[in-house]
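Note sheet for the following structure.
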Amino acid sequence: MDTPVIDAQVHAYERDRPERPWIGYLHGPAEVTGEKMVAAMDEVGVDGAILVSPYSMYRYDASYALEVHAAHPGRFGLVKPFDPGAADVAEQVAQWARTEGAVGARIMLPDPFAVRPDDPGLNRILAAGAEAGLTVNVLCWGNAPLLGGLAERNPDASIVLDHLGLRQPFEPPPPPDPFADLPKVLALAQYDNVAIKITGACTLSHQPFPFDDIWDPLRRIFDAFGIERCLWGTDWTRAVALVSYAEGVEAFRVADHLSDAERSALMGANAQRIYGWAPQR
């Protein structure tokens with residue numbers, strides 16, 4: 001493909017240490033440094049990635065992601081989580097938008113049913129993202145209607161629904177019916193400002209590589225949103241117990257369920273447009 005291959009979500013982190021202690025735990029190896037992430041990408045021909053500072057470990061501190069970006073110029077666009085409860089969160093988003101390498105903000109909702117679409121903090125983040133031209137990623141898996149309410153209130157915001165909007169496993173096995181909530185996700189296609197990450201999709205499969213059983217539901221997403229609003233990615237390293245990095249990449253490369261044009265859009269062109277960023281090898 002002539003279009004750069006962009007993984008729409010990866011994580012990098014160093015070992016837990018006093019200078020930058022982990023707040024929680026993210027499924028994956030003991031560490032996946034920026035250098036290791038770049039090596040994994042190089043091995044399978046991924047040109048660049050959206051590097052999402054891991055909330056589980058660092059909460060709202062993106063300092064390690066910034067170090068990785070500086071050490072590997074041109075390979076990563078950066079996304080940072082924000083605290084909806086912070087009184088100055090709009091100012092924080094504006095400042096992040098001016099930071100070299102920043103391409104997006106993230107809203108993390110560990111309990112997406114604990115908030116409503118009129119939540120002031122969530123709407124401040126989306127409004128600030130719209131004003132700064134910064135795409136806002138939202139993890140609210142299991143509660144797609146919440147995102148619909150936010151999208152309706154913030155029509156000028158560029159919003160990306162994380163991880164298909166579906167709960168995904170951290171270890172085998174996948175849920176018995178992983179696409180049960182798909183109709184609620186498809187309903188979000190009515191909002192033109194909402195795109196959807198096809199990240200971690202392989203972790204929902206009950207079959208081995210190349211995960212043939214995910215393609216019928218994925219095609220329903222592509223048809224509803226239009227391929228131009230869908231972004232492929234691996235969600236490495238959260239997916240480590242279910243698929244390898246190479247499998248998460250190659251499953252989409254070898255799939256005969258995609259035309260060449262769809263593959264090019266899904267695996268790079270859409271991320272380039274939505275985040276306003278392209279890798280430089």
With open to solvent by 10 Å² or more (accessible area, probe 1.4 Å) and modelled with pLDDT under 95 as the only criterion, which of Pro178, Pro172, Pro155, Pro183 stands out?
Pro172
In region 222-253, which residues are touching a helix residue (DSSP H, G or I) at 6+ places or on another chain (Cβ under 7 Å) and more than 20 Å from Val5 (Cα to Cα)?
Ala224, Phe225, Leu242
Checked against (1) of a type in the set (S, T, N, Q); (2) open to solvent by 30 Å² or more (accessible area, probe 1.4 Å); (3) within 24 Å of Met41 (Cβ to Cβ), Gln190 satisfies every condition except (3)
Taking the stated definitions as given, is Val115 surrounded by 15 or more Cβ atoms within 10 Å (Cβ to Cβ), out of contact with any helix residue (DSSP H, G or I) (no Cβ under 6 Å at 6 or more places or on another chain), in a loop (DSSP other than H, G, I, E, B) and among the β-branched types (Val, Ile, Thr)?
yes
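The values are calculated or read from the model by the stated rules, or taken from the named source; none is laboratory data. Here the structure is a predicted model, which is why all the values come from computation and not from measurement. Counting neighbours? That spans all protein chains shown, and the Cβs are built from the backbone with ideal geometry, glycine included. What goes into the accessible areas is simple: the full protein's heavy atoms, side chains included, and nothing from ligands, DNA or RNA. Shrake-Rupley method; radii C 1.70, N 1.55, O 1.52, S 1.80 Å.
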